[in-house]
Amino acid sequence: MKDINDPQKVQIKILKITYLFSLFPIISSLIAGEYDILFGFIFGLVIATLLLRLKYNNIIRALSMEEESAEKFIRNRYFIEYALYFAVLFSAARNANLDFLAAAVGLFMIKFVVILWSVVDLLKDTFQSKFDEYK
Amino acid sequence: MVEFSPEVIDTVIRAAALLGAGFAMIAGIGPGIGQGYAAGKAVESVARDPEARGNIITTMLLGQAVAESTGIYSLVIAIVLIFTI
Amino acid sequence: MIDFSPEVADTVITTASYIAAGAALIAGVGPGIGMGFAAGKATSAVRRQPQARGSIITTMLLGQVISGSTGIYSLVIAIFLIFGV
């Protein structure tokens with residue numbers, strides 16, 4: 001976590017790792033010829049990326065407000081986001097070309113990567129401190 | 001004495017299982033509030049001590065991942081109720 | 001012996017799953033409250049320490065990314081209940 005001062009760099013890094021991890025399900029579904037899983041996964045992933053950008057823009061706007069109005073603003077924006085997620089999952093469930101579960105997994109990819117990142121960071125920290133003790 | 005046919009019993013049990021799955025997901029409120037609270041406190045402590053931000057973010061994310069587990073329990077219970085009963 | 005016609009059984013199950021889907025959607029309230037709390041803390045933190053703005057934004061973004069997921073679990077269950085995927 002070197003670039004923690006720069007939210008843009010952190011976002012780009014997270015998205016890069018997410019796409020790297022996504023290559024595995026994309027390539028395997030391509031080889032298996034399961035095109036509805038492929039399209040559903042890519043649909044979910046694209047929507048998740050766009051909603052991450054939306055969240056960032058909302059946070060930037062909220063920081064220039066007073067405390068109470070920022071609270072209200074982010075709460076209302078979250079409900080809009082919730083409605084968007086509902087629309088996405090609804091269309092994935094209705095559309096025969098999109099697999100519903102694959103779309104849901106695509107939406108969760110960024111969260112998996114963030115949690116994985118923090119676990120890797122913790123392990124790195126622990127080993128570093130053990131190593132320093134040993135030295 | 002009132003007796004139910006097996007189909008009636010099956011219908012009622014299936015309906016009750018679906019209702020139970022829906023109500024199980026209300027548990028999602030708890031982790032949501034808790035994780036947001038953790039994020040708020042983490043932001044406060046980053047402002048107080050900007051040097052320790054790496055540790056604070058890692059701790060916040062791990063705490064949130066653990067708090068998430070209740071939400072995942074209710075999700076698992078809901079899926080079991082929907083697909084097996 | 002009480003018996004249901006197939007239409008009655010279908011109606012009972014559909015009604016139960018719609019009520020349950022509505023109940024599952026209540027879980028979306030939690031992340032909203034938590035995220036709002038985090039946003040309020042972040043604004044006061046930026047007011048207090050303007051030079052730590054970048055790390056505050058990162059902390060809040062990562063925190064919000066994780067806290068949103070319980071809401072999506074409940075949405076997934078609600079859509080399972082509505083469509084029987």
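The values are calculated or read from the model by the stated rules, or taken from the named source; none is laboratory data. Values in this document were obtained by computation on a predicted structure and should not be read as measured data. Neighbour counts run over all protein chains shown; Cβ positions are idealised from the backbone, glycine included.
For this structure, a couple of remarks:
- Screening the candidates A:Leu52, A:Leu122 for the property of being at pLDDT below 85, within 21 Å of B:Gln35 (Cβ to Cβ) and not acidic (Asp, Glu) yields one hit, A:Leu122.
- Residue within the stretch A:95-109 that is among the charged types (D, E, K, R), surrounded by fewer than 21 Cβ atoms within 10 Å (Cβ to Cβ) and within 11 Å of another protein chain (Cβ to nearest Cβ) present: no
- Scan the stretch B:4-26 for residues that are more than 7 Å from chain C (Cβ to nearest Cβ) and within 27 Å of C:Gln64 (Cβ to Cβ) and the total you get is 1.
- Criterion violated by C:Gly32 - all others in (1) small (Gly, Ala, Ser); (2) crowded, with 18+ Cβ neighbours inside 10 Å; (3) at pLDDT below 85 satisfied: (3)
- Screening the stretch C:9-85 for helices (runs of 4 or more DSSP H) wholly inside it with 3 or more residues that are at the interface with chain B (Cβ under 7 Å from one of its Cβ atoms) and more than 28 Å from A:Gly44 (Cα to Cα) returns the ranges C:29-48.
- The condition (being modelled with pLDDT under 90, in contact with an Asp or Glu (Cβ under 6 Å, 6 or more places away or on another chain) and either surrounded by fewer than 18 Cβ atoms within 10 Å (Cβ to Cβ) or under 22 Å from A:Ala104 (Cβ atoms) (or both)) is satisfied by just one residue among A:Lys2, A:Lys9: A:Lys9.
- In the set (1) over 30 Å from C:Val8 (Cα atoms); (2) in contact with a Phe, Trp or Tyr (Cβ under 9 Å, 6 or more places away or on another chain); (3) facing chain C (nearest Cβ under 7 Å), the condition left unmet by B:Ala47 is number (2).
- Any hit, the stretch A:11-34, residues being closer than 26 Å to C:Ile82 by Cα, of a type outside the set (Phe, Trp, Tyr) and assigned to a helix (DSSP H, G or I): no
- Residue selected from the stretch A:91-129 under the condition of a type in the set (Gly, Ala, Ser) and over 24 Å from A:Leu15 (Cβ atoms), by the criterion farthest from the chain's Cα centre (by Cα): A:Ser129
- Those residues of the stretch A:57-72 which are buried (at least 17 other Cβ atoms within 10 Å of the Cβ) and either at the interface with another protein chain (Cβ under 7 Å from one of its Cβ atoms) or within 19 Å of A:Ala104 (Cα to Cα) (or both), in sequence order: A:Ile59, A:Ala62, A:Leu63, A:Ala70, A:Glu71
- Single condition C:Met60 does not satisfy, out of (1) closer than 20 Å to A:Glu68 by Cα; (2) surrounded by fewer than 16 Cβ atoms within 10 Å (Cβ to Cβ): (2)
- Criterion: farther than 20 Å from A:Phe112 by Cβ and either within 12 Å of the chain's Cα centre (by Cα) or among the aliphatic types (A, V, I, L, M) (or both) - qualifying residue of B:Ile57, B:Ile72, B:Ile29: B:Ile29
- Residues that are within 30 Å of A:Arg61 (Cα to Cα) and among the β-branched types (Val, Ile, Thr), drawn from the stretch C:1-52: C:Ile26, C:Val29, C:Ile33, C:Thr43, C:Val46
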